[in-house]
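Single-structure report; data block below.
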Amino acid sequence: MKHLSIDLETFSSVPILKSGMYKYVQSSDFEILLMAYSVDNSPVQIIDLAQGEKIPKWLQEAIESPEYIKHAYNASFEWYCLSRYLKGNELLPVNQWRDTMLHGLYCGFTAGLDATGKALGLPEDKRKLAVGKLLIRYFSIPCTPTKNNGGRTRNFPKHDPEKWNLFKEYCIGDVVTEMEIEHKLSNFPVPDDVQKQWETDLIINSRGVAVDMDLVHGALNIANSSREKLINEAIKITGLENPNSVAQLSKWLETEIDEKISDLRKDTVVQMLKRQNLTGAAERILQIRQELGKTSTKKYDAIETAVCTDKRVRGLLQFYGANRTGRWAGRLIQIQNVARTYIDVKQLPLAREIVKRGKGDKLNILYGSVMNTLSQLIRTSFVAAEAKTLVDADFSSIEARVIAWLAQENWVLEVFKTHGKIYEATASQMFGVPIDKIKKGNPEYALRQRGKVATLALGYQGGVGALIAMGALDMGIPEEDLQDIVTRWRQANKRIVELWYKVENAAVSAIQTGQQTGVNGLIFTREFDIENNLDFLTIQLPSGRKLYYAHPEIDKNQWGRPVILYQGVNQTTKQWTTLETYGGKLVENLVQAIARDCLAVAIENLEKAGYQIVFHVHDEVVIECPKDKADLDKVVEIMTSPIDWAQGLPINADGWIGDFFRKD
């Protein structure tokens, strides 16, 4: 096999960050400007397509040949650009491509090329030039017409030859960096099954999902009208020029309720509305603030921005977007973070029709808050194409099942293998009450709520704070009862508690001694590549996939106990930095990673059986198929088929068939 490393620089008038790669490339003015390449690590060559050079015939053949493995950083971009350039609407074979960004993510590094190069310690001259972003802004996106530039809307090489030559160097540098990263990580390869999952993900993302643009446009029109009414009402009440201004509104509220206002964030407004000292005007203004703060229209805006000409949205998922676990992340519309739907399923067609007709007043009469209703309907924007339907199937309580399986908490496994009433069974174990008494109508049924919040909050070594974060206080559970719930849950789930400490001890041992340690089917190892200054704590999952923690070390916390440190991406700052972890957090990573692997197996099996997945959310798959092929029982059967590496894991799934996406 020969290896071809590629980087492209392109132009399109479509904003790629907001609209996504697929709409960007499908634009009528899309153009490949430069193509840099190297065959088998030979010196990088550059082709200046913007100035009339052509891709040689041998190279075009190599791009399509199975004898060449194509490498790129974020290879989905080069793959799709070259598919459109060489094949029109046909796609190049995905199994001939390798993504160096995926390789970095798999090994626990970041998504950015420059950031990954820095984290890997590449010399400055082997990382992206600092001027790169400026060059992309100059040549790759439209420019604002001005008197100085002659009113042009695009910069060509002739407008600044010196910058153009720098742009060519920048493109060449990307290939050099990509090859350096691939070389540095070569001793820690991406497993074949993960590579196959990436290929399947490309197909799913390029397939996209149909959207109901009549609903989207109706929602945007209603939202704009509703927003205008709310702002006018707020102006009338407060007399403010801009009642949406935090500074202006805070000052008005301080005068109205004679109290200092620290902020007007969503949670603060919710708490303020619960107070007794509010005047009628203040209460109404806070209600308006709450309405205006809803994100109901932002996702409709995102759909309108990202939809392609065939009324499908593509590129909704980022493979290995969560590099601590390997789970998928949402992109563009953030389908993994959509508001819940509380409207009765039978009422959804009517609500959707009202929105499509732009009848905001009717929506308000029937469903109350217009903005809240629009927010609930966002998921129904995703629809089946004409003559087709959607089949949705969702794993049931997958994390609770996986952690019980991993910890060998047998009573929990037995619940999932039989009646499945995990909240009732947990309450029964915690409070010593027969499970048949925990049913509606009995006073013991109140215990179910405690069993539920404990199951959802405490599996990863959380305590009272975790219960509060999960909403225990909002459920009406007294704060003084929370520690008792923690204690009872831990006593009822001793093997899960034991797992936290076994995992932490195994990780500490592997880091300190370098000796391989096995725990419940997991393998903890410290792996080195001294030549490339790489050092990882790895945890091999039952699937064979590994989780990577870069440059691990052991320190002591304030209580003198060992604490595990490693290098990774801070999820808040998005910076590469030193992070801390512990047994419960590692168990959370492991459980979510195993659940992710279960979903990956299901996706591969469904695609192999001919079911075309259009997107998936957490533990749920959404399939588009002809109506006469819509077989929910068959889909569930495939999803719940025993997994070779997960013997004894009781998987269950359920779902629905319908014309639009919803949540049962």
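The values are calculated or read from the model by the stated rules, or taken from the named source; none is laboratory data. Predicted model only: the values in this text are computed from it and were never measured. Cβ placement follows ideal geometry from the backbone for every residue including glycine, while neighbour counts extend to all protein chains displayed. Accessible surface is based on the protein model in full, side chains and every heavy atom, while ligands, DNA and RNA are left aside. Shrake-Rupley method; radii C 1.70, N 1.55, O 1.52, S 1.80 Å.
Computed over protein heavy atoms with a 1.4 Å probe, the accessible surface of the stretch 326-455 works out to 47 Å² per residue. Placing dummy labels 7 Å off each Cα toward the beta-carbon, the span from SER225 to LEU273 is 2.4 nm. Anisotropy class assigned to the stretch 297-407 is prolate, per the alpha carbon gyration tensor with a/c at or over the 1.5 cut-off and a/b larger than b/c.
Look at the dipole of the chain built from charges on Cβ: of LEU8, THR110, SER428, the Cα furthest out on the positive end belongs to SER428. The charge dipole of the stretch 148-301, taken about its Cα centre with unit charges on the Cβ of Lys, Arg, Asp and Glu (plus for the first two, minus for the last two), comes to roughly 620 debye.
The residues of the stretch 11-102 expose on average 43 square angstrom of accessible surface per residue, using a 1.4 Å probe on protein heavy atoms. Based on Cα contacts under 8 Å between residues 6+ apart, the chain shows a relative contact order of 14 percent. Computed over protein heavy atoms with a 1.4 Å probe, the carbon and sulfur contribution to the accessible area of the chain reaches 47%. Taking every lysine pair in the stretch 58-173 that is 8 or more places apart or spans two chains, those with Cα atoms closer than 27 Å amount to 24. Other residues with beta-carbon under 10 Å from the beta-carbon of PHE11 carry, at +1 per Lys or Arg and -1 per Asp or Glu, a net charge of -2.
Among the chymotrypsin sites (Phe, Trp or Tyr not before Pro) within the stretch 526-566, those in coil by DSSP and having at most 12 neighbouring Cβ atoms inside 10 Å are TRP559.
Extension gain for GLU414-LYS440 works out to 7.1 nm (0.36 nm per residue, less the C-alpha to C-alpha distance).
Taking the Cα centre of the chain as origin and assigning +1 to Lys and Arg Cβ atoms and -1 to Asp and Glu Cβ atoms, the resulting dipole is close to 1480 debye.
LYS236 sits among other residues whose Cβ lies under 13 Å from its own Cβ, and their net charge, with Lys and Arg +1 and Asp and Glu -1, is -1. Between LYS118 and VAL39, the modelled label-to-label distance comes to 3.6 nm, taking each label 7 Å out from Cα in the direction of the beta carbon.
When the Cα positions of PRO56, LEU86, SER19 are compared along the charge dipole of the stretch 1-159, SER19 comes out farthest toward the positive end, with charges on each C-beta of Lys, Arg, Asp and Glu. The residue among ASN364, ILE204, LEU390 whose Cα reaches farthest toward the positive pole of the charge dipole of the chain, with charges on the beta-carbon of Lys, Arg, Asp and Glu, is ASN364. Computed from label points 7 Å out along Cα-Cβ, the spacing between LYS574 and LYS251 is 3.3 nm.
Between the C-alpha center of the stretch 343-410 and that of the stretch 433-448 there is a gap of 30 Å. Filter the cross-link list LYS229/LYS362; LYS196/LYS608; LYS417/LYS608 down to pairs whose alpha-carbon distance in this structure exceeds 21 Å. Listed pairs above 21 Å: LYS417/LYS608. Accessible surface for the stretch 564-664, divided over its residues, is 43 Å² per residue with a 1.4 Å probe.
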